[in-house]
Amino acid sequence: MVAKSYRPVVRDQQFLLAPDMREWLEADHLVWQLLDIVAELDTSEFHRRSSRRRTVNSVAGQRGYDPDMLVTLLLYAYCVGLRSSRAIEKACRTDIAYRVVCANDIPDHTVIARFRAEYEEAFTALFSRVLGLCARAGMVKVGVVALDGTKIAANASMAANRTEATLRRMAEQAAGDIVAEAKATDEAEDRAADGDGDRTPESMRGARRRETIREALASIEAERAERPSKEMRYSQRRLDAAQRAYDQLHEKLTTGWKAEQALLAEGGKLSGRPRSAPRDNKQIQVFATRLETAKAAMAAKLAKEPVKKRNLTDVESRIMKTRKGFIQGYNAQLFVSEDHVIIACELTDEPADTHQFAPMINACTTELDTLAAAGHPRTTGIATADNGYCSAANIDPETTPGPDRLIAVVKDRHQRSDNPGNGPCTYTKPVFTTMAERLKTPAGQAIYRRRGAIVEPVNGHIKDRRGLSRFSRRGLKACAAELKLAATATNILRYLTHNSTQTVPATA
């Protein structure tokens, strides 16, 4: 149906907004709720004096932005799925809600990015305080809690990965370029003195690249020492035993031979046949042969080890397998309560979940102890986890202390079937068979089936609603802080939904 006439479009009208900013948004808009929450929370850590970045353009003594405003701005941005500092700055110019948060005093994207980076620990503490806010409202039900991991892409391309051999060649090549770059540094300093100091000199970029290569190689060596494979552990034990036996015998033979030589030098007489030098002793030669064999076996195992790679864009990120293929990213771990409140969240560079159960149990216990100290005691009834966390150590409460737990010993598609006992359970230790029997019972099946409904929607919200399908920062610590910020925003929205105070949906 065509209208008889049209409403006028007057773009040169002087006033299109109410003169009072409080009338720009509905009274129950998310922005006003966030402003009230931040005012209620302790934000003193954000008000500590920061280390200013001094440049040729900095103005000494200029006033900074209110930290509470920046905290609210970041929380609102993460609530609606906006995480780029440049996009947030743009929204502060074009979006009414953002303009209300910053009170029309628009911060530069560098201010937003530096604030988020400098107060990583403060944002971690803010997560705990928001969890306390939820507990005061009667939330955080922990009769059944669920643990799950989800892979999140890093701010790096898989094409930036280099093998260990390539990194070593690059390190050798970079070492030969130091003299040439020293000359380039002098020339860059001369240009800076002439006013061309805004560009980063090529030599400085080369120095950062060398440092990145060294960091990547050190990371590979550390991982090889801290997380050896089963075959490598066996070869290492064999090598250590052979080295220890050789050293002990060599020390014993050397001590006896030196004592004999000293006696002969003083004109003394030996009571029996003279000792041979340690290198000529037949027994030490046998031990030396064993040591060389162990070293050769170790070298052969090293040669068969999977090729280790590191990403030169984000050294701490790893190649991880997901249901949709491989990504360059991190493994995010979430412990979630029955009412979908995130109790604990951590980030790791380990692709597998097996070793994350104990750290996450400890993190969950720490947060609940903090709530108890504040007068909101919570006692975990049972912790659930999928087959990715299945190990004898995780199942046994004596090895991994903590609450009672149900950990699947078969894949979820078998565990969720009507007869999970038919699944391909290949474990034979008593702890596994006991857990499998518990999961076959109606009570065990009912509790375990709640695991997916508790934690998996929260994983989806973190990625889809908060927009954290890819980190915007780099490095494990920085990305962990970003995960905490997204989890804090998620808990705030759960708190507002619980109190029925939010009527404007927080969607991107």
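The values are calculated or read from the model by the stated rules, or taken from the named source; none is laboratory data. Everything numeric here is computed off the predicted structure, so don't read it as measured data. Methodologically, a virtual Cβ is constructed for each residue, glycine included, from the backbone with ideal geometry; neighbour enumeration extends over all protein chains shown. Remember, those area values only see protein heavy atoms, side chains included, never the ligands or the DNA or RNA. Shrake-Rupley method; radii C 1.70, N 1.55, O 1.52, S 1.80 Å.
For the reader, a short list of remarks on this structure follows.
- Between 86, 53, the distinction of being open to solvent by 50 Å² or more (accessible area, probe 1.4 Å) and at pLDDT below 90 belongs to 53 only.
- Selection over region 151-169 of residues that are assigned to a loop (DSSP other than H, G, I, E, B) and either in contact with a Lys or Arg (Cβ under 6 Å, 6 or more places away or on another chain) or of a type in the set (Phe, Trp, Tyr) (or both) gives a count of 1.
- Number of the condition not met by residue 373 [criteria: (1) farther than 25 Å from residue 480 by Cα; (2) open to solvent by less than 20 Å² (accessible area, probe 1.4 Å); (3) not acidic (Asp, Glu)]: (2)
- Summed over region 216-225, residues that are at pLDDT 85 or above and surrounded by fewer than 14 Cβ atoms within 10 Å (Cβ to Cβ) total 1.
- Restricting region 320-359 to residues that are crowded, with 17+ Cβ neighbours inside 10 Å and of a type in the set (Asp, Glu), the residue that is farthest from the chain's Cα centre (by Cα): 338
- In region 442-490, residue nearest to residue 216 (Cα to Cα) [restricted to those that are open to solvent by less than 60 Å² (accessible area, probe 1.4 Å) and outside any helix (DSSP H, G or I)]: 475
- Scanning region 269-296 for residues that are surrounded by fewer than 16 Cβ atoms within 10 Å (Cβ to Cβ) and of a type in the set (A, V, I, L, M, F, W, C) returns 270, 277, 286, 296.
- Helices (runs of 4 or more DSSP H) within region 90-150 that include 1 or more residues within 23 Å of residue 48 (Cα to Cα) and charged (D, E, K, R): 109-118, 120-136
- Residue in region 203-212 that is over 28 Å from the mean Cα position of the chain (by Cα), within 30 Å of residue 311 (Cα to Cα) and either surrounded by 12 or more Cβ atoms within 10 Å (Cβ to Cβ) or modelled with pLDDT of 85 or more (or both) present: yes
- Pairs where the first residue, in region 323-338, is of a type in the set (Val, Ile, Thr) and the second is open to solvent by 10 Å² or more (accessible area, probe 1.4 Å) and assigned to a strand (DSSP E or B), C-beta under 8 Å, 6+ apart: 327/151; 327/153; 327/319; 336/148
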